[in-house]
1. Given the options 180, 262, 236, name the one that is within 20 Å of the chain's Cα centre (by Cα) and surrounded by fewer than 16 Cβ atoms within 10 Å (Cβ to Cβ).
2. Can residue 83 be described as open to solvent by 40 Å² or more (accessible area, probe 1.4 Å), modelled with pLDDT under 90 and either part of a helix (DSSP H, G or I) or of a type in the set (A, V, I, L, M, F, W, C) (or both)?
3. Hey, could you check the range 52-74 for residues that are of a type outside the set (Asp, Glu) and either outside any helix (DSSP H, G or I) or open to solvent by less than 30 Å² (accessible area, probe 1.4 Å) (or both) and say which is nearest to residue 123 (Cα to Cα)?
4. Somewhere in the range 32-44, is a residue closer than 24 Å to residue 154 by Cα, within 23 Å of the chain's Cα centre (by Cα), free of Cβ contacts under 8 Å to residues at least 24 places away in the same chain and open to solvent by 60 Å² or more (accessible area, probe 1.4 Å)?
5. Residues that are open to solvent by less than 40 Å² (accessible area, probe 1.4 Å) and over 24 Å from residue 98 (Cα atoms): does the range 153-166 have at least one?
6. Would you check which residues across the range 189-246 are more than 23 Å from residue 79 (Cα to Cα), of a type in the set (Val, Ile, Thr) and in contact with a helix residue (DSSP H, G or I) (Cβ under 7 Å, 6 or more places away or on another chain) and list them?
7. Working carefully through the options 131, 93, 119, 113, find the one that is within 24 Å of residue 43 (Cα to Cα) and either surrounded by fewer than 17 Cβ atoms within 10 Å (Cβ to Cβ) or among the basic types (Lys, Arg) (or both).
Amino acid sequence: MFSNYLIGLREGLEASLVVCILIAYLVKTGRRDALRPIWTGIGIAVAIAMGFGCVLEFGSQELTFEAQEALGGSLSVIAVGLVTWMVFWMRRTARHLKSELHGKLDAALAMGTGALVATAFLAVGREGLETALFVWASVHAASDGTPRPLIGVALGIASAVLLGWLFYRGALKINLAKFFTWTGAMLVVVAAGVLAYGFHDLQEADWLPGLTNLAFDVSGTIPPDSWYGTLLKGVFNFQPDPTVLQVTVWLLYLVPTLTVFFAPVGFASGKGKVTVADEQGSRPSKASQA
């Protein structure tokens, strides 16, 4: 459940910060009249993301076993690709996020209500669709017949919404650069497990060979139904009897990705701070990214 909580927290906080920046800017500039179109766009984005998740979950149940495994494996690979891109994108461009959103919002204000709805929808919708796809892939990989994965995601999103509200009110300050760096690294570990499980699905769908060629089998030492086996499964998508292809894919993704992720991003310490400010009367609130 922890890995799914991390997904909900990390992805939800990104969306919360985007919403916080948009709303704070409108309040600060005295354009409260534009808040309703912004909330409309956000609501549409959330509804479409939830609908997309429902289509993935319930639509796949009508397929044959081989088709379900092929779909699950293919979407897992796509989800890992999107999440990896998102993690690197946030690390490199988060310091410009505020100014970028402000520029788009200024242009939308000049164009009218429809442009405001579209700006909010696009800003939040991308995060929502990526989150829905990755959550579905992760839950599919970690599911053991219980609702725990979905509970973890829901708790993570709820925590993200609470943190976003606290940032907006100025009641909480956190080093967002370090937060996104370490949660991003943990998300890469989760993604490696999802990717390996996705390749296992493709093997079960007979799209890839080697299903019976096991790298090792520690089921006797780490039973899947034991508390520690369940913990490893929930956190790392650990499988006690992976195929050689799964282990190879896991290593080929995880080691280079983490190596590049922790490489210097090319800006000096003290630069690139991001501020989310809200002026309510004379009291400002901000969340800084160092």
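The values are calculated or read from the model by the stated rules, or taken from the named source; none is laboratory data. Quantities reported herein were computed from a predicted structural model and do not represent experimental measurements. FYI the Cβ positions are ideal-geometry reconstructions off the backbone, even for glycines, and counts take in every protein chain you see. Only protein heavy atoms, including side chains, enter the accessible area calculation; ligands, DNA and RNA are left aside. Shrake-Rupley method; radii C 1.70, N 1.55, O 1.52, S 1.80 Å.
1. Details: 180 fails: surrounded by fewer than 16 Cβ atoms within 10 Å (Cβ to Cβ); 236 fails: surrounded by fewer than 16 Cβ atoms within 10 Å (Cβ to Cβ).
Residue meeting the stated conditions: 262.
2. Working: open to solvent by 40 Å² or more (accessible area, probe 1.4 Å): no; modelled with pLDDT under 90: yes; either part of a helix (DSSP H, G or I) or of a type in the set (A, V, I, L, M, F, W, C) (or both): yes.
No: the conditions fail for residue 83.
3. We begin by selecting, within the range 52-74, every residue of a type outside the set (Asp, Glu); these are 52-56, 58-61, 63-65, 67-68, 70-74.
Among the residues that remain, those that are also either outside any helix (DSSP H, G or I) or open to solvent by less than 30 Å² (accessible area, probe 1.4 Å) (or both) are: 53, 56, 60, 63-64, 70, 72-73.
Details: 53: 19, 56: 22, 60: 28, 63: 33, 64: 36, 70: 31, 72: 27, 73: 28 Å.
Ranking the qualifying residues of the range 52-74, first place goes to 53.
4. As a first pass, look at the range 32-44 and keep what is closer than 24 Å to residue 154 by Cα: 38-44.
Filter once more, keeping what is within 23 Å of the chain's Cα centre (by Cα): 38-44.
Filter once more, keeping what is free of Cβ contacts under 8 Å to residues at least 24 places away in the same chain: 43.
Among the residues that remain, those that are also open to solvent by 60 Å² or more (accessible area, probe 1.4 Å) are: none.
No, the range 32-44 has no match at all.
5. For the range 153-166, residues open to solvent by less than 40 Å² (accessible area, probe 1.4 Å) and over 24 Å from residue 98 (Cα atoms): present.
6. Hit for the range 189-246 is 222, nothing else.
7. Working: 131 fails: either surrounded by fewer than 17 Cβ atoms within 10 Å (Cβ to Cβ) or among the basic types (Lys, Arg) (or both); 93 fails: within 24 Å of residue 43 (Cα to Cα); 119 fails: either surrounded by fewer than 17 Cβ atoms within 10 Å (Cβ to Cβ) or among the basic types (Lys, Arg) (or both).
Among 131, 93, 119, 113, only 113 is within 24 Å of residue 43 (Cα to Cα) and either surrounded by fewer than 17 Cβ atoms within 10 Å (Cβ to Cβ) or among the basic types (Lys, Arg) (or both).
Conditions tested, residue by residue: (1) at pLDDT below 95; (2) part of a helix (DSSP H, G or I); (3) open to solvent by 70 Å² or more (accessible area, probe 1.4 Å).
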residue	(1), (2), (3)
207	yes, no, yes
217	yes, no, yes
222	yes, no, no
232	yes, yes, no
